[in-house]
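Chemist: Pasting a structure below so you can have a look.
The values are calculated or read from the model by the stated rules, or taken from the named source; none is laboratory data. Just so it is clear, the structure is predicted and the values come from calculations on it, not from any experiment. Cβ coordinates were reconstructed from backbone atoms using ideal geometry, including for glycine residues, and neighbour counts include every protein chain displayed. What goes into the accessible areas is simple: the full protein's heavy atoms, side chains included, and nothing from ligands, DNA or RNA. Shrake-Rupley method; radii C 1.70, N 1.55, O 1.52, S 1.80 Å.
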Amino acid sequence: GAGHEGGGLTDAIILVHFDFKQAKIGLISMPRDLWINAQKINHLYASSYDALKDAVATVTGESVNYFIAVDFVGFQRAMGYVLDGIEVNVAQDFDDPWYPIEGNQLEPCGHTPEQIAELTAKYADFELQKQFPCRYEQIHFDQGVVFMNGGEALKYVRSRHSSSDFDRSRRQHEVLVGIKNKLFSLQALNDVSKFFSEFTKYVQTDLGVEIV
């Protein structure tokens, strides 16, 4: 979303498949660096959500009927205001000492402009980022069922530096399962219209209440 570097790029792309006959839901994550149509798939949403839907359909062979998109702020608000936090079954201890602190992206961390120029010439990518430790914080989640508010859930699904993209996808799936479980515990589906109206304040979607 706005205010972030690459705010128009998709941080996570997940295809949700509903099998109504067997009462099952399948989740398929798309690597955001996957190249399709001569560009990375995470660039497509900035063009149009239809372009992204078409790309996901091409990769998976499954038709994509609808989309739900949420930015970082909307995600946190939906977690807090609509769901009042969720319980996530964390599969393994998770620790990331390099999680970016919002608002600290340009902090010099005690370096002079000349030193910053030297570091920029010497290092690149994550090695350069590590030269500015004041821009980061350590986050940790213990294995087991962990209650997360919106900010904590966002950190858990966004963290990149201590595990692979595949592990990141697994964590995102864990949070989606936590959301599903909270919806059932709140009996939100007993009044779909009311819940959908509240939920769509924080997301973009082409779903309508009549479809839900």
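Chemist: Take the conditions open to solvent by 40 Å² or more (accessible area, probe 1.4 Å), under 24 Å from residue 29 (Cβ atoms) and either touching a Gly at 6+ places or on another chain (Cβ under 8 Å) or aliphatic (A, V, I, L, M) (or both) and apply them to residue 149. Does it pass?
Modeler: Taking the combined requirement at face value, the residue satisfies it.
Chemist: A further question on this structure: Could you tell me which residue of segment 129-185 is nearest to the chain's Cα centre (by Cα), considering only residues that are outside any helix (DSSP H, G or I) and hydrophobic (A, V, I, L, M, F, W, C)?
Modeler: Among residues in segment 129-185 that are outside any helix (DSSP H, G or I) and hydrophobic (A, V, I, L, M, F, W, C), the one nearest to the chain's Cα centre (by Cα) is 148.
Chemist: Please find, among 186, 154, 176, the residue that is aliphatic (A, V, I, L, M) and surrounded by fewer than 16 Cβ atoms within 10 Å (Cβ to Cβ).
Modeler: 186
Chemist: Also, I was wondering about something else. So is residue 132 over 26 Å from residue 28 (Cβ atoms), crowded, with 18+ Cβ neighbours inside 10 Å and not β-branched (Val, Ile, Thr) or not?
Modeler: yes
Chemist: Please work out which one of (1) exposed (fewer than 12 other Cβ atoms within 10 Å of the Cβ); (2) in contact with a helix residue (DSSP H, G or I) (Cβ under 8 Å, 6 or more places away or on another chain) is the condition residue 127 fails and give its number.
Modeler: (2)
Chemist: Further question on the same structure: Please indicate, with yes or no, whether at least one residue in segment 108-123 is among the charged types (D, E, K, R) and open to solvent by less than 90 Å² (accessible area, probe 1.4 Å).
Modeler: No, every residue in segment 108-123 fails to be among the charged types (D, E, K, R) and open to solvent by less than 90 Å² (accessible area, probe 1.4 Å).
Chemist: Now a separate question. Can you tell me how many residues within segment 2-59 are β-branched (Val, Ile, Thr) and under 30 Å from residue 106 (Cβ atoms)?
Modeler: Counting residues in segment 2-59 that are β-branched (Val, Ile, Thr) and under 30 Å from residue 106 (Cβ atoms) gives 3.
Chemist: Just checking, which of 69, 124, 117 is more than 26 Å from residue 8 (Cα to Cα) and aliphatic (A, V, I, L, M)?
Modeler: When all the criteria are applied, what remains is 117.
Chemist: Taking the conditions exactly as written (surrounded by fewer than 18 Cβ atoms within 10 Å (Cβ to Cβ), at pLDDT below 95, of a type in the set (S, T, N, Q) and closer than 26 Å to residue 194 by Cβ), does residue 37 satisfy them or not?
Modeler: no
Chemist: When both residues are 6+ apart or on different chains and their Cβ atoms are under 8 Å apart, which pairs have a first residue that lies in segment 74-98 and is more than 17 Å from residue 160 (Cα to Cα) and charged (D, E, K, R), and a second that is at pLDDT 95 or above and not in a helix (DSSP H, G or I)?
Modeler: These pairs meet every condition: 87/145; 87/146; 87/147; 87/148.
Chemist: Condition first: of a type in the set (A, V, I, L, M, F, W, C) and under 15 Å from residue 108 (Cβ atoms). Now tell me which residues in segment 121-155 satisfy that.
Modeler: 128, 132, 134
Chemist: In segment 40-77, which residues are touching a strand residue (DSSP E or B) at 6+ places or on another chain (Cβ under 6 Å), within 17 Å of residue 205 (Cβ to Cβ) and surrounded by 15 or more Cβ atoms within 10 Å (Cβ to Cβ)?
Modeler: Answer for segment 40-77, where residues must be touching a strand residue (DSSP E or B) at 6+ places or on another chain (Cβ under 6 Å), within 17 Å of residue 205 (Cβ to Cβ) and surrounded by 15 or more Cβ atoms within 10 Å (Cβ to Cβ): 56, 69.
Chemist: Are any residues in segment 18-34 assigned to a strand (DSSP E or B) and either under 22 Å from residue 72 (Cβ atoms) or open to solvent by 80 Å² or more (accessible area, probe 1.4 Å) (or both), and if so, which ones?
Modeler: Matches in segment 18-34: 18, 24, 25, 27, 29, 30.
Chemist: Can you tell me how many residues in segment 46-96 are assigned to a strand (DSSP E or B) and not polar (S, T, N, Q)?
Modeler: Counting residues in segment 46-96 that are assigned to a strand (DSSP E or B) and not polar (S, T, N, Q) gives 9.
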